[in-house]
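I have placed the structure first, in the form of structure tokens, so that the comments after it can refer back to it.
The values are calculated or read from the model by the stated rules, or taken from the named source; none is laboratory data. Note that this is a predicted model, so its numbers are computed, not measured. Positions of Cβ are backbone-derived with ideal geometry, glycine not excepted, and every protein chain shown enters the neighbour counts. Just the protein is used for accessible areas: all its heavy atoms, side chains included, with ligands, DNA and RNA removed. Shrake-Rupley method; radii C 1.70, N 1.55, O 1.52, S 1.80 Å.
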Amino acid sequence: RDGEVGLRRRRELARKAFGHTASYDAMIVDELERRSDEDDGTGGDEDDTPAALPATFALTGPRVRSLRYGENPQQRAALYALPGGLSGLAGAEQLGGKDLSYNNLCDADAARDFVTEWSAPAACIIKHASPCGAATGASLPEILEAAWRGDPLSAFGGIVAVNRKVSLDAAQVLTAKGRFIEVVIAPDYDEDALAKLRKKKALRILRVANDAGLRRCDARL
């Protein structure tokens, strides 16, 4: 009315503005902590011990996607990215399947962490945060077969990650009769392999580069 901005709109704009400035300030804090580590080998704590963790841990980031549910079906969940851009699973491209759940992401992250540790072709199967099978070798289809044989019972309904482009032969291993997986993660897929996997309507297909998830490994708790 007469150019007046309503209370609801003002609150929405205030939330966006403070969220933006908070994210910017958090990035500055993070950068200053990193430079402090480089300058004197410490995180800036008063005890001045080598490799000390930072005195302040600033965390803010945009919501990347809403998830099907949280740790339990009645809970809501969403995925947020850290400042500095999308990386790892936050930057993954979903090429098929249903929306991801919180548990899907946790297991996918664990499986992907394993395979990106290897320069050789590797595969890993995770279910309920526990490894069901893993293998390395020269041929991705053979590696996937070996990983599945690690514990076929537990692997049923698990999350599979590989660090090589998925060929049609590899996709046929993943979709063989009697096998069911929730998510497959790979740096890329051949077109015929992708078409094969997409026939499994419930299968979440994620594409994320092997180097996209590089991040600091110090746990700040």
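Here is a check on your reading of the model: is Val160 modelled with pLDDT of 95 or more and crowded, with 20+ Cβ neighbours inside 10 Å?
Details: modelled with pLDDT of 95 or more: yes; crowded, with 20+ Cβ neighbours inside 10 Å: yes.
Taking the combined requirement at face value, the residue satisfies it.
When Cys132 is tested against the conditions (1) within 24 Å of Glu191 (Cα to Cα); (2) in contact with a helix residue (DSSP H, G or I) (Cβ under 7 Å, 6 or more places away or on another chain), the lone failure is (1).
State yes or no: is Asp99 among the acidic types (Asp, Glu) and closer than 20 Å to Asn210 by Cα? Full working, then the answer.
On the way: among the acidic types (Asp, Glu): yes; closer than 20 Å to Asn210 by Cα: no.
No.
Number of residues in region 91-119 that are buried (at least 20 other Cβ atoms within 10 Å of the Cβ), among the hydrophobic types (A, V, I, L, M, F, W, C) and in a helix (DSSP H, G or I): the value is 4.
From the set of residues in region 64-75 that are in contact with a Ser or Thr (Cβ under 8 Å, 6 or more places away or on another chain) and at pLDDT 85 or above, which is surrounded by the fewest Cβ atoms within 10 Å (Cβ to Cβ)? Before the answer, list the steps.
Taking region 64-75 and keeping what is in contact with a Ser or Thr (Cβ under 8 Å, 6 or more places away or on another chain), we get 67-70.
Now restrict to residues that are at pLDDT 85 or above: 67-68.
Values: Leu67: 18, Arg68: 15.
Step by step, filter region 64-75, then rank; the result is Arg68.
Between a first residue in region 55-66 that is closer than 11 Å to Ala81 by Cβ and a second residue that is part of a strand (DSSP E or B) and open to solvent by 80 Å² or more (accessible area, probe 1.4 Å), which pairs have beta carbons less than 7 Å apart while being 6 or more apart in sequence or on different chains? Within 7 Å, the pairs are Gly61/Tyr80; Pro62/Tyr80; Arg63/Tyr80; Val64/Tyr80. When you scan region 171-180, do you find a residue that is under 14 Å from Leu203 (Cβ atoms), touching a helix residue (DSSP H, G or I) at 6+ places or on another chain (Cβ under 6 Å), in a helix (DSSP H, G or I) and without any contact (Cβ under 8 Å) to a residue 60 or more places away in the chain, even just one? Taking every residue of region 171-180 in turn, at least one turns out to be under 14 Å from Leu203 (Cβ atoms), touching a helix residue (DSSP H, G or I) at 6+ places or on another chain (Cβ under 6 Å), in a helix (DSSP H, G or I) and without any contact (Cβ under 8 Å) to a residue 60 or more places away in the chain. Would you say Asp169 is open to solvent by 20 Å² or more (accessible area, probe 1.4 Å) and in contact with a Cys (Cβ under 9 Å, 6 or more places away or on another chain)? No, not satisfied.
Selection of region 120-165 for residues being among the polar types (S, T, N, Q) and either in a loop (DSSP other than H, G, I, E, B) or touching a residue at least 40 places away in the same chain (Cβ under 8 Å) (or both) yields Ser139, Asn163.
Out of all the residues in region 181-200, which are surrounded by fewer than 22 Cβ atoms within 10 Å (Cβ to Cβ) and over 21 Å from the mean Cα position of the chain (by Cα)? Correct list: Asp190, Glu191, Asp192, Ala195, Lys196, Lys199, Lys200. Selection of first residues in region 1-28 that are more than 17 Å from Tyr80 (Cα to Cα) and of second residues that are assigned to a helix (DSSP H, G or I) and open to solvent by less than 90 Å² (accessible area, probe 1.4 Å), restricted to Cβ pairs under 8 Å at least 6 apart or on distinct chains, gives the following pairs, ordered by first then second residue: Val5/Leu13.
Against the criterion of being of a type outside the set (Val, Ile, Thr), in a loop (DSSP other than H, G, I, E, B), open to solvent by 100 Å² or more (accessible area, probe 1.4 Å) and modelled with pLDDT under 70, Arg1 qualifies.
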